1. If you go through the range 4-18 one residue at a time, do you hit one that is away from the ligand (no atom under 16 Å from the Cβ), without any contact (Cβ under 8 Å) to a residue 60 or more places away in the chain, touching a Gly at 6+ places or on another chain (Cβ under 7 Å) and among the small types (Gly, Ala, Ser)?
2. State whether the residues of the range 31-52 include one that is touching a Cys at 6+ places or on another chain (Cβ under 7 Å) and within 16 Å of the ligand (Cβ to nearest atom).
3. Of (1) within 16 Å of the ligand (Cβ to nearest atom); (2) farther than 22 Å from residue 77 by Cβ, residue 21 satisfies all except one. Which?
4. When you scan the chain for strands (runs of 3 or more DSSP E) that lie fully inside it, which ones turn up with 2 or more residues that are surrounded by 11 or more Cβ atoms within 10 Å (Cβ to Cβ) and hydroxyl-bearing (Ser, Thr, Tyr)?
Amino acid sequence: MILFFGTRNGKATQQALNNVRCSHCQQENTLALVEQGNYFHLFWIKLFKIQTNRFTECSHCKRVYFENEFTPAMKSEIS
Ligand SMILES: [Zn+2]
């Protein structure tokens, strides 16, 4: 019997961050929080979430901020 298991990425969700300024290009309301879960699967059935990747992206300058680069304004918008 062959076991198929490993990790899969869940669906990425996006949430716009309002009234937050991008510290790179100084544009407001251009940032979106992207969340993607990473799941352990057995026969492609998701069993449990291993980790969640979270980052914000600016739609204007395409700058990506990882969690350790979030500004206090970003953190207060992310609930
Ligand atoms: Zn920007």
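1. Within the range 4-18, one or more residues are away from the ligand (no atom under 16 Å from the Cβ), without any contact (Cβ under 8 Å) to a residue 60 or more places away in the chain, touching a Gly at 6+ places or on another chain (Cβ under 7 Å) and among the small types (Gly, Ala, Ser).
2. Applying the first criterion (touching a Cys at 6+ places or on another chain (Cβ under 7 Å)) to the range 31-52 yields 31.
In the following step, the residues that additionally are within 16 Å of the ligand (Cβ to nearest atom) were identified as 31.
Yes, because at least one residue in the range 31-52 is touching a Cys at 6+ places or on another chain (Cβ under 7 Å) and within 16 Å of the ligand (Cβ to nearest atom).
3. Among (1) within 16 Å of the ligand (Cβ to nearest atom); (2) farther than 22 Å from residue 77 by Cβ, the lone unmet condition for residue 21 is (2).
4. Details: elements: 5-9, 13-17, 31-42, 45-58, 64-66.
Answer list for the chain: 45-58.
A short reminder: the numbers here are calculations on the coordinates, not readings from a lab. Keep in mind that this is a model prediction, so the values were computed, not measured. Here the Cβ is made from the backbone with ideal geometry for all residues, glycine too, and neighbour counts use every protein chain on show.
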